[in-house]
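J.: Encoded as structure tokens, here's the structure I'll be asking about.
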Amino acid sequence: MIRFTEDHEWVRVEGDVATVGITDYAQGQLGDIVFVELPAVGRSLKKGEEAGVVESVKAASEVYAPVSGEVVEVNATLETAPETVNSAAEGDGWFARVKLSDTSELDAMMDEAAYKAFVDSL
Amino acid sequence: MASTSSDNLQRTPLFALHQELGGRIVPFAGYEMPVQYEGILAEHNWTRENAGLFDVSHMGQRGLVGPDHETTAAALEALTPGDFKGLGLGRIRYTLLLTDAGTIIDDLMVTRPLDPAEAGRLFLIVNAARKAEDDARIASNLPAGVVYEKYEDRALLALQGPKAVDAFARHCPAAAGLGFMTATVADFDGIPVCVSRSGYTGEDGFEISVPAELAERVARALLAEPEVRPIGLGARDSLRLEAGLCLYGHDIDETTTPVEADLGFALSKRRREEGGFPGAAIVQGQLAGGTARRRVGIKPEGRAPARDGTAITDKAGNPIGTVTSGGFGPTVGGPIAMGYVATAFAEPGSAVDLVVRGKPLPATVVAMPFVTQRYYRKPKASAASS
């Protein structure tokens, strides 16, 4: 199951663990990504709080936690190859895996069709 | 993503071309300008290796017109610390418009026309965001007989990069003979243009002033050359930062003096001694006695960029300054910055911290430019006699 937020993040859920990242639309808007700051493994995230930063050549953008839960893994590739977010935002450019503390948060998010319609409306 | 307002924004004569080329348009200094086409990194690297075409028509083209060179140069010298009486025919000089406190109203390029028939004229290129301040300052401080002119019906293009001369000379052979910081009027495919060998990237290249209605013809002719691609403001900023060049409103403004900004090269020898420019006593005092802070280059360790406004501290966490420009240097391959630090930390090699998102990131004060400038120096005509 994959869900999307209006902040252009995606959440792919397998069991009670969600893999999160920013969408292909978001990376296209940001442009060349040169640095990604990820949350520490073990950190307990609250939905909506600042969880990381994506820096393009031009500017820094905060990344907000799309779901609540404990960070169980982060994508170490992004430390040395942040451009992976440009080339594969919704695949190898994932940010973190989060053990969900409240799966009901997913109910309010958009599915793929709804997110596509949302992006088309921008 | 922040929404942008297009209220009261102006467009340059090349706006339609930017759209046709797929430029991403953003508001900048009161204009709708392309920030990028294919991407900032690709455009930056293309300019360093080939030639990039920039629309800089938002900048102000101005002129001072007096009865003879001596009179016009004296009028400009009353407002700036540059030596314009001694500026040769066809030569360009970077200078600073100063407040009475010796701080910087704007930085600008001044050209003395090559043609002796134009004696008494000086042409100025000023920053887009400072036109109103410049116009007010200059127009209200001119002696009788010297007139201030605005050339609103002209576009300005920049062609920058190591292959700029190859592409440009196919249309404007005369330009290949120009040395760095010289200018002439020349023929570009039958169009009369004012061309100067100068720029804002640290590379060889040209700036071309052309009547607005002919700008698109010049731009399309250059874009048809295999060496040339269109470049947006994003890469213009990363290129100039690597070259160590100041951006007005960030690295210099009405709170900074030329000495603090380490722009001593804009204070000519004669003017340092004679004074006679706004704030001269203050600037001369700083030249003799030093300043409390100075603009420096900063190389952050690691990969995190430190942006404009980042606090700089010593290794004990005491504030010593602020970053004024910072980002990622594509040619450097990592983050770079410039900013002001307390003079005790201004020597290259000084270890400092940059406070990024609450955390101190180690960084080192370094000499600028970050990327070696590759301006075209004309060979001396008779080296044996020099």
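The values are calculated or read from the model by the stated rules, or taken from the named source; none is laboratory data. Note that the structure is a prediction, hence the values are computed from the model and not measured. Heads up, the Cβs are rebuilt from the backbone with ideal geometry, glycines too, and the neighbour counts pull from every protein chain shown. Note: areas computed on protein heavy atoms with side chains; ligands, DNA, RNA excluded. Shrake-Rupley method; radii C 1.70, N 1.55, O 1.52, S 1.80 Å.
J.: Round to the nearest 0.05 the FRET efficiency obtained for B:Lys269 and B:Glu49 when R0 = 30 Å and r is the Cβ-Cβ distance. Please list the in-between numbers first.
T.: Values: r = 37 Å, r/R0 = 1.25.
For R0 = 30 Å, the calculated efficiency reads 0.20.
J.: Could you pull out every residue, at least 5 positions away or on a different chain, whose amide H is within less than 5 Å of the one on B:Val147? Hs are placed 1.01 Å off N in the peptide plane, and Pro or chain starts have none.
T.: Placed amide hydrogens put B:Val65, B:Gly66 under 5 Å from B:Val147.
J.: Now for a different question. Give the separation of the Cα centroids, segment A:1-27 to segment B:12-74, in Å.
T.: If we compute the Cα centre of each part, the gap is 39 Å.
J.: With a 1.4 Å probe, how much accessible area is buried between chains B and A, both sides summed, in Å² to the nearest hundred?
T.: That pair hides around 1600 Å² of surface in total.
J.: Let me ask you something else. Taking θ = phi - 60°, what integer Hz values does the Karplus form 6.51 cos²θ - 1.76 cosθ + 1.60 yield along segment B:320-326, in sequence order, with x for Gly and Pro?
T.: 10, x, 9, 6, 10, 9, x
J.: Only helical DSSP H runs with n ≥ 4 go in: add -39500 (n - 2.57) per run for chain B, normalise by residue count and round the 222 nm mean residue ellipticity to 500 deg cm²/dmol.
T.: -5500 deg cm²/dmol
J.: Taking the mean number of other Cβ atoms within 10 Å as a proxy for protection, how do you rank B:155-165, A:61-71 from highest to lowest?
T.: Ranked by mean Cβ neighbours within 10 Å, highest first: B:155-165, A:61-71.
J.: Let me ask something else. Rounded to the nearest percent, how much of the accessible area of chain A (1.4 Å probe, protein heavy atoms only) is carbon and sulfur?
T.: After summing per-atom areas, the C and S share lands at 48 percent.
J.: If you average the C-alpha positions of segment B:298-355 and of segment B:145-178 separately, how far apart do those two centres end up, in angstrom?
T.: So the two Cα centres are separated by 35 Å.
J.: Something else: With no solvent and one point per C-alpha, what does the Debye sum give as log10 I(q)/I(0) for segment B:60-150 at q = 0.18, 0.19, 0.20, 0.24 Å⁻¹?
T.: Log-scaled intensity ratios, in q order: -0.71, -0.79, -0.88, -1.31.
J.: Tell me which residues come under 5 Å, amide H to amide H, from B:Thr324 once H is placed; ignore anything under 5 positions away on its chain.
T.: Here the answer is B:Gly309, B:Met338, B:Gly339, B:Tyr340, since their amide H atoms fall under 5 Å of that of B:Thr324.
J.: Can you bin every Cα-Cα distance in chain B into 20 Å intervals starting at zero and give me the percent of pairs per bin, rounded to whole numbers?
T.: The distribution over chain B is 27, 59, 14, 0, given as percents.
J.: Report the Stokes-Einstein translational diffusion coefficient (µm² s⁻¹, integer) for segment A:2-102, Rh taken as the Kirkwood radius over Cα pairs, at 10 °C with viscosity 1.306 mPa s. Intermediate values should be presented prior to the final figure.
T.: Details: Rh = 13.1 Å.
Answer, rounded: 121 µm²/s.
J.: Using the Cβ atoms and a cut-off under 10 Å, what net charge is assigned to the surroundings of B:Leu17, where Lys and Arg are +1 and Asp and Glu are -1?
T.: On the way: positive: B:Arg220; negative: B:Glu20, B:Asp55, B:Glu216.
Net charge around B:Leu17: -2.
J.: Count charges around B:Pro192 for me, please; just the other residues with Cβ under 15 Å from its Cβ, Lys/Arg as +1, Asp/Glu as -1.
T.: Numbers: positive: B:Arg154, B:Arg217; negative: B:Asp115, B:Glu118, B:Asp153, B:Asp187, B:Asp189, B:Glu213.
Net charge in that neighbourhood comes out at -4.
J.: While we're on this one: Are there any chymotrypsin sites (Phe, Trp or Tyr not before Pro) in segment B:65-127 that are in a DSSP loop and have at most 16 other Cβ atoms within 10 Å? List them by number.
T.: Those that pass, being in a loop and sparsely packed, number zero.
J.: Taking the Cβ-Cβ separation of B:Ala169 and B:Arg217 as r and a Förster radius of 25 Å, what is the calculated FRET efficiency to the nearest 0.05?
T.: Calculated transfer efficiency: 0.90.
J.: Right, next: Run the quick spin-label model on B:Glu38 and B:Ala351: label points 7 Å from Cα toward the beta carbon, then report their separation in nm to one decimal.
T.: The modelled label-to-label distance comes out at 4.3 nm.
J.: Once phi is turned into θ = phi - 60°, what whole-Hz ³J(HN,Hα) does the Karplus curve with 6.51, -1.76 and 1.60 give for every residue of segment B:288-298, x standing for Gly and Pro?
T.: 7, x, x, 10, 6, 9, 8, 6, 9, x, 9
J.: While we're looking at this one, here's another question. Going by the alpha-carbon gyration tensor, a ≥ b ≥ c the square roots of its eigenvalues, is segment B:194-338 rounded (a/c under 1.5) or, if a/c is not under 1.5, prolate (a/b greater than b/c) versus oblate?
T.: Oblate.
J.: Shifting gears a bit: Using r as the Cβ-Cβ distance of B:Val65 and B:Leu287, and R0 as 45 Å, what FRET efficiency do you calculate, to the nearest 0.05?
T.: E(calc), rounded to 0.05, equals 0.90.
J.: What net charge is computed for the residues neighbouring B:Phe328, neighbours being all others with C-beta under 13 Å from the C-beta of B:Phe328, Lys and Arg scored +1, Asp and Glu -1?
T.: Values: positive: A:Lys58, B:Lys299, B:Arg303, B:Arg307; negative: A:Asp32, A:Glu55, A:Glu83, B:Asp237, B:Glu242.
Cβ neighbours under 13 Å give a net charge of -1.
J.: In Å, what Kirkwood hydrodynamic radius results for segment B:292-366 from the alpha-carbon pair distances?
T.: Working: mean 1/r = 0.0859 Å⁻¹.
It works out to 11.6 Å.
J.: Report, by chain and number, residues whose modeled amide H sits under 5 Å from the one on B:Asn50, excluding near sequence neighbours (fewer than 5 apart, same chain).
T.: The list, which skips near neighbours in sequence, is B:Lys163.
J.: Also, quick follow-up: Any idea what the dipole of segment B:124-198 comes to, in debye rounded to 20, about its Cα centre with Lys/Arg Cβ at +1 and Asp/Glu Cβ at -1?
T.: 220
J.: Continuing with the same structure: Per residue of segment A:83-88, in order, report the coupling 6.51 cos²θ - 1.76 cosθ + 1.60 (Karplus, θ = phi - 60°) as ³J(HN,Hα) in whole Hz, putting x for Gly and Pro.
T.: Along segment A:83-88, the couplings run 5, 4, 5, 6, 7, 8 Hz.
J.: May I pose another question? Report Rg(Cα)/(2.2 N^0.38 Å) for the protein assembly as shown, keeping two decimals.
T.: Normalised by 2.2 N^0.38 Å, the Cα Rg of the protein assembly as shown equals 1.08.
J.: Quote the relative contact order of segment A:1-108 in percent (integer), defining contacts as alpha-carbon pairs under 8 Å separated by 6+ residues.
T.: 30
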